[in-house]
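The values are calculated or read from the model by the stated rules, or taken from the named source; none is laboratory data. Please read all numbers here as calculations on a predicted model, not as lab measurements. When we count neighbours, we look across all protein chains shown, and the Cβ atoms used for this are built from the backbone with ideal geometry, even at glycine. Side chains included, ligands, DNA and RNA excluded: accessible areas come from the protein's heavy atoms. Shrake-Rupley method; radii C 1.70, N 1.55, O 1.52, S 1.80 Å.
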Amino acid sequence: MKKVLVCIFLLFAVTGSFAQKNVVLENRRIKAVFDSRNGALVQFTDKENSWDVVHRKQLGQSFQMLVPIEGDAVPFEKEIRFNNIDGIDQKAPLITRSANSVSFTWKKLYSPANRKMLDISFTATATLSDEGLVFSGRVVNNSDFIVEYVAWPYLGEVALPDKQHDFFLDTKNYIKSLYPRFPSEHGYWGVEYPTSMAYLPNDSYIMMRNDRQGLVIHSTREVRQFVIGSFELAPGYEVASRNPDGDTIDGQDVRIIFKANRVFYAPKGSTSELDPVCFTFYSGSWCKGVDVVRNTPKAGTGWPDEMQTWRKISASDPRELVSQARDAIDNGVRVLLVSNWYKGGDELLAEARAGYGDAIAECRKFGVKVILETDFLRADFYSPQYKTQLRKLIVADPYGYYYNKLIMCPLCDRSQVLVADSYDRTFRELKADGAVCTDVPIRIKTIFCHDSRHGHGVPQYTAPAMVRTDEEFTARAKQADAAFKVGGNYLYDIQGDYFDFMVLPQLEKREALRYLNPGLAIVAPVDVRTARPDINTCVKNQYVICYGPLFRSNSLASYPNVVKYVAEVERFRTQWREYLWDSEMVGRDEVKVTGCTSYAVYRSKATGKRAVVLVNEATDRAISASVTFAGTGAATVSIASPENPAVKTVTGEFDIPMLSLVVAIEN
């Protein structure tokens, strides 16, 4: 009996000792286990799908911090740029626990590069909410060095749900393979492991998924902090661009690493808050993942919402603008999106070319609306004021050189004054129908500005100021003319709060952008060289059709077949407007489609009935497809196409001609 009691006591002691080494956050969907000795996330589980994202405890990681040993505090010859401080190598943190959260605090951090303790305090917090597991934190830097980024969380592995299905990195802007292929975006000389990246808030969300389930990583809608989501394949390839087959290579664990790198450049004496980043599991197709971050349906914004054809032109001569307006009317175009309408002036950033106001008034007489493209912070290199003042406002790199000699820093007060004076005055004089803000804050490495002469911290994230520039211009323009419409390239979701429409720089074929932004007018460019598939994509994704640059001549009359097909499609969309325009995209789990992979599903706002737009992208053959709507016993569907707009009822499979589309409507 005594032996039994002793065994029970020992078992209890061992179990209790193990439990003390771990901190567990758990609800009905998620289980997260942290090692209390170093804050490492050693288990991360989607309980509903039995997916252990992190399950090999030896691979658990807590945080990683880049703190280069450089600057005035060290001699030049002792500077060390690559100094990563890993959380698991630090002394045990102080732990603060509540019902649904845990915080790990390290008061000082050991720096491996110079083998010293640095006066940097880091508090890493994980909070379990109904939405998911939220990671936030705080960095207090009293060291002599700059904290450039903090990776929190740092997942030592992203285990696949299973190896029978492909695994992807998915955002609103692109999709990349993580398994069975893992192409590296960077040269082998620049990274330790093959690497793939995504960005918040630019990409709206970072999704890792297969076709049945996934994990969505998302942050705040406000543009405040730049987050690089990095995926690394360790220890590397056995065969180029392919994941290794086994679990180890030469004794090293094969794994995909994920880091949420918060880039903020914290100087000495600063306190930096890490914006919360949430990890949310979902079950089903990618649509279920996007549902986590899906934007509120956009309310009607007037004529940009209408089904009408646009054309993008460049017109430095106002007479050319009038000529293009006549050509537009003759070929079914009602809106001109115009670039090259201004030049840099002696005092203004944007000075309209002589006669442009009269030309716009003439276009209106024809019934053509004119939208002017603007690039607020692009300086004219050849303007008289470039050498005298604009050059001093250009976004600079850490060494005082310019990433691009034309992009002005939006954080600089002088830049903002120039924008307000130039564009407000110009648009008041021209009386155009609207404007498109084409500025993109992250282009050409202008993410951060390092020029202290601009009156901001060095370096500073430029995107929040760029967003503010667009928002303030929109407010002033609408105050002056309530009918004035403003659109943009919509780099960030929050811009939907004030922009009336989105203009895509290039056609996006995937449905994710439309699904993420219900009700938003999205203007998409059609390349006349690939016109038919581009036009079909516009129907599938509920885009406004916009002719892109022409090539043989500057008249649409030179492309009669393209103009004819656009006219057919617009008549077809008007006829079936209930399903092709006045409807909302829904998830693919609403239907079962065979024989066609390019399709989108919509639900009528009037009747609730569903329709599927199916596109045949093949250039050499017709395809046969079938559609079955979930929750209905109907064996038939009604189909129509631009070539045959009269509806007919079919049972089973139906044909879709090459480079064409069919709409299948629920009976």
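A few points about this structure:
- Which numbered condition V134 fails, given (1) open to solvent by 20 Å² or more (accessible area, probe 1.4 Å); (2) hydrophobic (A, V, I, L, M, F, W, C); (3) more than 30 Å from Y515 (Cβ to Cβ): (3)
- Checking the stated criteria, A113 turns out to be more than 21 Å from G269 (Cβ to Cβ) and surrounded by 14 or more Cβ atoms within 10 Å (Cβ to Cβ).
- Any hit, region 140-156, residues being among the acidic types (D, E), in contact with a Ser or Thr (Cβ under 7 Å, 6 or more places away or on another chain) and touching a residue at least 40 places away in the same chain (Cβ under 8 Å): no
- Among residues of region 327-350 that are among the aromatic types (F, W, Y), those with a beta-carbon under 6 Å from a residue that is open to solvent by 20 Å² or more (accessible area, probe 1.4 Å) and modelled with pLDDT of 90 or more at least six positions away or on a different chain give the pairs Y342/A352.
- Restricting R468, R453 to residues that are open to solvent by 10 Å² or more (accessible area, probe 1.4 Å), free of Cβ contacts under 8 Å to residues at least 60 places away in the same chain and in a helix (DSSP H, G or I) narrows the list to R468.
- For Y265, the criteria (1) outside any loop (DSSP other than H, G, I, E, B); (2) at negative phi hold in every case but one, which is (2).
- Matching residues in region 309-320 - criterion: being touching a residue at least 40 places away in the same chain (Cβ under 8 Å) and touching a Gly at 6+ places or on another chain (Cβ under 9 Å): T309, R311, K312, P318, R319
- D203 open to solvent by less than 40 Å² (accessible area, probe 1.4 Å), modelled with pLDDT under 95 and under 27 Å from L274 (Cα atoms): yes
- Options Q416, Q460; residue that is open to solvent by 10 Å² or more (accessible area, probe 1.4 Å), in contact with a strand residue (DSSP E or B) (Cβ under 6 Å, 6 or more places away or on another chain) and closer than 25 Å to I494 by Cβ: Q460
- The set of residues in region 562-597 that are free of Cβ contacts under 8 Å to residues at least 12 places away in the same chain and either touching a strand residue (DSSP E or B) at 6+ places or on another chain (Cβ under 7 Å) or among the polar types (S, T, N, Q) (or both) contains only T597.
- Residue match in region 402-425 (condition: touching a residue at least 60 places away in the same chain (Cβ under 8 Å), in a loop (DSSP other than H, G, I, E, B) and more than 20 Å from F484 (Cβ to Cβ)): no
- Index of the failed condition, T607 passing every other in (1) in contact with a Phe, Trp or Tyr (Cβ under 8 Å, 6 or more places away or on another chain); (2) open to solvent by 40 Å² or more (accessible area, probe 1.4 Å); (3) of a type outside the set (F, W, Y); (4) without any contact (Cβ under 8 Å) to a residue 40 or more places away in the chain: (1)
- For region 433-453, the set of residues classified as within 18 Å of L349 (Cα to Cα) and at pLDDT 90 or above consists of A435, V436, C437, listed by residue number.
- Sole exception among (1) within 31 Å of the chain's Cα centre (by Cα); (2) open to solvent by 80 Å² or more (accessible area, probe 1.4 Å); (3) among the charged types (D, E, K, R); (4) closer than 24 Å to F34 by Cβ for R81, by number: (4)
- Residue count for region 536-552 satisfying the condition of being surrounded by 23 or more Cβ atoms within 10 Å (Cβ to Cβ) and at pLDDT below 95: 0.
- Hits in region 175-228 (condition: of a type in the set (S, T, Y) and farther than 14 Å from R262 by Cβ): S177, Y179, S184, Y188, Y193, T195, S196, S204, Y205
- Within region 474-523, the set of residues being among the β-branched types (V, I, T) and open to solvent by less than 20 Å² (accessible area, probe 1.4 Å) comprises T474, V486, V503, I522, V523.
- Against the test of being surrounded by 19 or more Cβ atoms within 10 Å (Cβ to Cβ), under 24 Å from D203 (Cβ atoms) and in contact (Cβ under 8 Å) with a residue 24 or more places away in the chain, the options D166, D170 yield a single qualifying residue, D170.
- Check on R209, open to solvent by 10 Å² or more (accessible area, probe 1.4 Å), in contact with a helix residue (DSSP H, G or I) (Cβ under 8 Å, 6 or more places away or on another chain) and modelled with pLDDT of 95 or more: yes
- Listed conditions (1) in a strand (DSSP E or B); (2) free of Cβ contacts under 8 Å to residues at least 24 places away in the same chain; (3) acidic (D, E) are all met by E273, apart from (2).
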